[in-house]
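The values are calculated or read from the model by the stated rules, or taken from the named source; none is laboratory data. Please read all numbers here as calculations on a predicted model, not as lab measurements. Using ideal geometry, Cβ is built from the backbone for each residue, glycine included, and neighbour counts are taken over all protein chains shown. With ligands, DNA and RNA removed, areas are computed over all heavy atoms of the protein, side chains included. Shrake-Rupley method; radii C 1.70, N 1.55, O 1.52, S 1.80 Å.
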Amino acid sequence: MPYETDYTNQKFSVIGNRVNRPDGVDKVTGRAKYGADASAAGQLVGKILRSPHAHALIKKIDTSKAEKLPGVKAIVTGDDFPDFTGGNRSLMDTLENCMARGRALYDGHAVAAVAAVDAQTANQALKLIKVTYKKLPHVTDVDEAMKPNAPIVHDWIRTAGVDPAPTTASNISQRNEFGHGDVETGFAQADIIIEKTFKTEQTHQGYIEPHACLATLGPDGVGELWVTTQGHFTFRNMCASLLGLDVAKLKVTSSEIGGGFGGKTHVWMEPVALQLARKSNRPVKLVMTREEVFKATGPTSSTSVDVKIGAKKNGRITAASAELRYQSGAFPGMWGMLGAMTSFACYDLKHVKSVGYDVLCNRPKVAAYRAPSAPMAAFGVESVIDLLAAELKMDPVEFRIKNAAKKGTQASYGPVYGPIGIGPTLEAVKNHPHMKKRLGKNQGRGVACGFWFNFGGQTCTDLNIGIDGSVNLTVGTVDVGGSRASLALIAAEELGVDYDQVRVTIGDTSSLGHNDTTEGSRGTFSSGMATIFAARNAVDVMKQRAADTWGIPVDQVVWEEGVARAKGRQNSNLPPLSLKEIAAKSPRTGGPIAGHNEVVADGAGVSFASHICDVEVDPETGSTRVIRYTVVQDAGKAIHPDYVEGQFQGGAAQGIGWALNEEYIYGDDGTLQNAGFLDYRIPVCSDLPFIDTEILEIPNPNHPYGVRGVGETSIVPPLAAIGNAVSNAVGVRMTHVPMSPPRILKAIEDAQ
Amino acid sequence: MSGVTVSAKVNGDAVQYVCPPSESLMDVLRNRLNLTGVKEGCGTGDCGACSVTLDGRLVCSCLVLGAEAEGRAIGTVEGLSQDGELHPLQTAFIDHAALQCGICTPGFLVAAKSLLGRNPNPSEEEIRYALAGNLCRCTGYDKIVRAVQSAAKVMRKQKRS
C-alpha cells in the first residue's frame, strides 16, 4: 500500500530537538573508521603512476624492471582493462579517466598502477616503470579551449545541442538553452541595461580525507570494497559495469566519510584497486596522497560568464540573459547546462534566456561541488543585480524583493514554483540586525541570493524492532553531515518512542536494495521519507499483532504515542499495548516485527537562501577580512536544527574560501602548480568570524514533514555576497573570482 | 630494509616498534600501533589532522620521524578519555555539534587540549589562532570555537572544585 507524501502539518514530539548524534562518541574518540582505517591480512599497498604532462601520446609503457622488483605482486595499465562498456560513452569516459588508454589527458592522469608488499616497494616500483610519452599541444583555459584553432582534446566530439549538427571536432561538447519569452522585446522595454563579463577559477571540494579503499576480488568474480564514498550502491554498479562483474557479487561497504561535497560521488581509482586485487589475488589498499586528490579527482569548473539584465526605472526587471561557459576537464559533463538552469532561478521574469556551454580542456574530469555550477552563475547575476540597483538608486535588498520569484512564477529553467522561500529570506535579511550595523573605514557590505534544486531518487530502508523494543533502522544513504541523528528522530517520531531507542546503521550493498548517492541535498529528504514509510509499515504490523492479541478487527486499533489502543466503547476494558510489550510477545504472535520501504522520493522542494556579508579590505595589501556573515535559508522543516545550521555555515565557509583565495594555478606547461593545502589555501579558523544563521520553514508540500534538502544552497550566494561587499569596500566592481589580494590591488590600480 | 628499534610511551603505555628510518610517526601510529584516530589529510604538515603531542608539545605527526619518538611520550586522541569518561572537550564537541564528517575532530581535540593546557581562559581570537593549524572543511569552525569555549569553562570550574 503506497503511503501519502503530502505535507500534513502535524505536531511533533521529538522532531526539531537538538539531540546528540549517535556516532558522536565514535568520532570524538578516534574509534570511527574512515576509508584508510581498514586493513586486511595479507594486504598489498597500491600506488598509481601519473602523467607529468598536460597532454601526451603514450607510446610505450615498459613495466619489466618494475615486475622484477621483489615484493611487487601486480602491475596494471590501460591494457588490463577490457572494454565492457557496450558502447556506453559515459562509462568509457569513466574507465579512461581511471586509467589512460593510449593518451594522457591532463597532468596527473593515471597511466599505470602497482600493488606491492609495502608503500616503499610500491613507490620504488613506480620509479622503475618507463613510460615513453610524445607531448601534444594542450589547452587549460575555458575561453582559449573554445577558439577555432585550440588543441582538440577528443577528436570524436561534435557539439551537441546545435542545429544544424556540426561535422567537425570541437572542444565544446554541448550547448544547452533555457528560458521563456523573448529577451529582445524585454530589453527594448528597459530604461537601463547592464552587461558584464565575469570569470571564476577552478576550485576543489577540499575534503580533508583523501580517497581511500580496500579491495578484494577473487577469480570467482566475488569481491568486496571498503571505500570512502557518497554512494556505495552507485560505486558498486559502476565498478561492476567497468570490470564485468555481477552487481550482487560485489559487496561495497561505505566507511565513515571524511567529507565529499560531491567529489566522492564518482569513482577515480576504485576500479584500479579491484583490478590490482584480482590480478594479485590479495587485498589491495589504495589511498590517494593530497597531491593526487588535487590533480586527479574531480574539482569544479572554471568559468567565463556574460550577464545582461535590463530594468525599468521603477526597479522591475524586463529581461535577463546570460551566456555561461564551463570547462568540464578532459571529459564531457553537464556543468554548463546546470549553470544555465540556475542562473536566474531566484527571479520572476517574463523574458529570460540562458545559454550554457560545456567545454573540454586538459584538466582533471570535473565533478560536482556542492550545488554544482550555481555559485559561478550567481556571482555574475547577483553582481549585475547590485549594479542595477545602484544605478537606479534603489536599496539592493528592496530591488531583489521587487523581482523575487514566488508561488506561481515560471522558473527560468521551466517548472512553475509552489510555495518557496526566496521572498521570505529576503524579508528576513531586510529586517536582520546585521543590516543595521554601522560600517567603518575600508569596510563594505554585500547581499546575494542563491538557489538549488533538490533531488529525491531511489531509496530503500529497513526498520527492525528488537525483542526489547529497541529499534534498528538500516538506511542506504551515506551519512555525510549528521543525517543519522535526523533519521533516528524521524523513526522515533513515527513510532512514538524515545530518540535513544533507535539505532541507525548505514547498510552495505548486500543488505538493502539500491539507494542513490547522497548528493543533490537528498540524504535526509529521501531516507527520511523512506524511514517514515518503513515506520508506518512497522506500525501496521504492530497494530495487527495487537488486534490478534485482543481478538478484535484491526480497524478498531489505533497507534498513538508509542502504544496500540483499542477504539470504541466495546473495547474500553482492553489496556493499551506498548511497543515494548508487543515486541516482547512477537515470537508468539508471528515472529520478528519489521517495516520496509522502497521509494523513488519525488517532490523534492527547492531551497533558497539570502546572505549578508561585511568585509574590510586593506587598501595597501588587498587583503580582505570577513568581519560578519549571516545566512538565511529555507529548510522546509529542520529535523535537527544543529545540523541544518552546520550545513549553512559549512557551505558559507567554502564559498568564502572560493571567493577570496582558492584557485587552481596552472603553468604555461599545463601542469598544476599548487597541488597542496599550503598553496591551495582554504579558510582556517582565524580567517572567519562566527557565522550567524536563521532557519526559515516554508513547508515543502510534497513531503509529510515539509522537509527541503538544505546541504547545497548555502555555497551559492557567497561568491556574489563577497563580490558585492568587496566592490562596495573598494569602490571598484570585482569581476574575477577569487578576489585574491593581487587581483584587488590590480582592480584598484586600474580604476585610478 | 634496515629498521630502527624504538621504545616510547603512547597515551601512558610503553610501546616498542621497528620501522624504516624514513617512516613518519604518523604511519607508525596508524599502521604499526593501529591507532587510527590519527588521520592523514595531507602528509605535509598543512592540515593538522595528524596532530599528536610529543612530550607535551603539539606536533604534526607526519612531520616527525618514527625514530624521533625514542624515549618520548606521545599523546593521541585515544588517550583523551580517562576511566571510560569522556574528556570535557569531547563532550563539548558532541553537545555543540562541532563535528559533521568528523575526520578533523581528533586533530582539533588534541590541539584544543594543548591550548587549554597552556591558556585555560583563551579569548575567541586566541582560540581561533591556536587552532589555525587544523583545517576543517565541513563546519566553518563556528561550532568548534563555541565547543572549545564551553569546555574551557567546564575545565576551569573542575579545577576550582
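A few comments on the model shown:
- Residue check, A:S686 open to solvent by 20 Å² or more (accessible area, probe 1.4 Å), closer than 30 Å to B:R146 by Cα, in the same structural domain as A:S373 (by TED's automatic domain parsing) and not in a loop (DSSP other than H, G, I, E, B): yes
- For the stretch B:114-141, a residue qualifies if it is of a type in the set (A, V, I, L, M, F, W, C) and facing another protein chain (nearest Cβ under 8 Å), and the qualifying residues are B:I127, B:L131, B:A132, B:L135, B:C136, B:C138.
- The condition of being more than 18 Å from A:G258 (Cβ to Cβ), touching a residue at least 60 places away in the same chain (Cβ under 8 Å) and either under 16 Å from the mean Cα position of the chain (by Cα) or open to solvent by 60 Å² or more (accessible area, probe 1.4 Å) (or both) holds for only one of B:L89, B:L63, B:L115, B:L80, that being B:L89.
- Here is the figure for the stretch A:227-267: residues that are open to solvent by 10 Å² or more (accessible area, probe 1.4 Å) and aliphatic (A, V, I, L, M) total 4.
- Sole residue being open to solvent by 20 Å² or more (accessible area, probe 1.4 Å), at pLDDT below 95 and within 26 Å of A:S586 (Cα to Cα), chosen from A:E493, A:E561: A:E561
- Criterion violated by B:E40 - all others in (1) open to solvent by 30 Å² or more (accessible area, probe 1.4 Å); (2) within 12 Å of chain A (Cβ to nearest Cβ); (3) within 21 Å of A:V684 (Cα to Cα); (4) not in a loop (DSSP other than H, G, I, E, B) satisfied: (4)
- Restricting the stretch A:259-274 to residues that are of a type outside the set (A, V, I, L, M, F, W, C) and in a helix (DSSP H, G or I), the residue that is farthest from the other protein chains (Cβ to nearest Cβ): A:P271
- Test: residue in the stretch B:18-25 that is out of contact with any helix residue (DSSP H, G or I) (no Cβ under 9 Å at 6 or more places or on another chain) and of a type outside the set (S, T, N, Q): no
- Answer residue from the stretch A:463-490, given it is surrounded by fewer than 24 Cβ atoms within 10 Å (Cβ to Cβ) and of a type outside the set (A, V, I, L, M, F, W, C) and is nearest to A:R370 (Cα to Cα) among those: A:T474
- Qualifying residues in the stretch A:20-44 (those that are on the phi < 0 side of the Ramachandran plot and more than 10 Å from every other protein chain (Cβ to nearest Cβ)) - the one least open to solvent (accessible area, probe 1.4 Å): A:L44
- Of the residues in the stretch A:56-71, not one is among the polar types (S, T, N, Q), in the same structural domain as A:L225 (by TED's automatic domain parsing) and within 17 Å of B:D27 (Cα to Cα).
- Residue within the stretch B:69-86 that is in contact with a strand residue (DSSP E or B) (Cβ under 8 Å, 6 or more places away or on another chain) and of a type in the set (D, E) present: yes
- Every pair of residues 6+ apart whose Cβ atoms lie under 9 Å, when the first sits in the stretch A:300-317 and is farther than 19 Å from A:H351 by Cβ and modelled with pLDDT of 95 or more while the second is part of a loop (DSSP other than H, G, I, E, B) and among the acidic types (D, E): A:S302/A:D141; A:S302/A:E201; A:S302/A:E663; A:T303/A:E201; A:S304/A:D141
- The strands (runs of 3 or more DSSP E) falling completely within the stretch B:46-161 that include 1 or more residues that are basic (K, R) map to B:57-60.
- Test: A:T77 is closer than 26 Å to A:A212 by Cβ, modelled with pLDDT of 95 or more and more than 14 Å from chain B (Cβ to nearest Cβ): yes
- Candidates A:R733, A:R681 - the one that is under 22 Å from A:M435 (Cα atoms) and in a loop (DSSP other than H, G, I, E, B): A:R733
- When B:I94, B:I103 are screened for being facing chain A (nearest Cβ under 10 Å), touching a residue at least 60 places away in the same chain (Cβ under 8 Å) and among the hydrophobic types (A, V, I, L, M, F, W, C), only B:I103 passes.
- Qualifying positions in the stretch B:11-37 - more than 16 Å from the chain's Cα centre (by Cα) and assigned to a helix (DSSP H, G or I): B:N31, B:R32
- Residues of the stretch A:328-362 that are in a strand (DSSP E or B) and within 28 Å of A:A169 (Cβ to Cβ): A:S328, A:G329, A:K353, A:S354, A:V355, A:G356, A:Y357, A:D358, A:V359, A:L360.
- Here the stretch A:148-176 is the region considered, the condition is being over 30 Å from the mean Cα position of the chain (by Cα) and within 27 Å of A:V352 (Cα to Cα), and the residue that is most open to solvent (accessible area, probe 1.4 Å) is A:D163.
- Candidate set from the stretch A:228-245 (those that are over 20 Å from A:G520 (Cβ atoms) and in contact (Cβ under 8 Å) with a residue 24 or more places away in the chain); member that is farthest from the other protein chains (Cβ to nearest Cβ): A:G244
- Just one of the listed residues (A:V447, A:V429, A:V416, A:V478) is modelled with pLDDT under 95, outside the structural domain of A:H232 (by TED's automatic domain parsing) and over 30 Å from A:Q230 (Cβ atoms), namely A:V416.
- Residues (open to solvent by 50 Å² or more (accessible area, probe 1.4 Å) and not aliphatic (A, V, I, L, M)) located in the stretch A:45-65: A:P52, A:K59, A:K60, A:D62, A:K65
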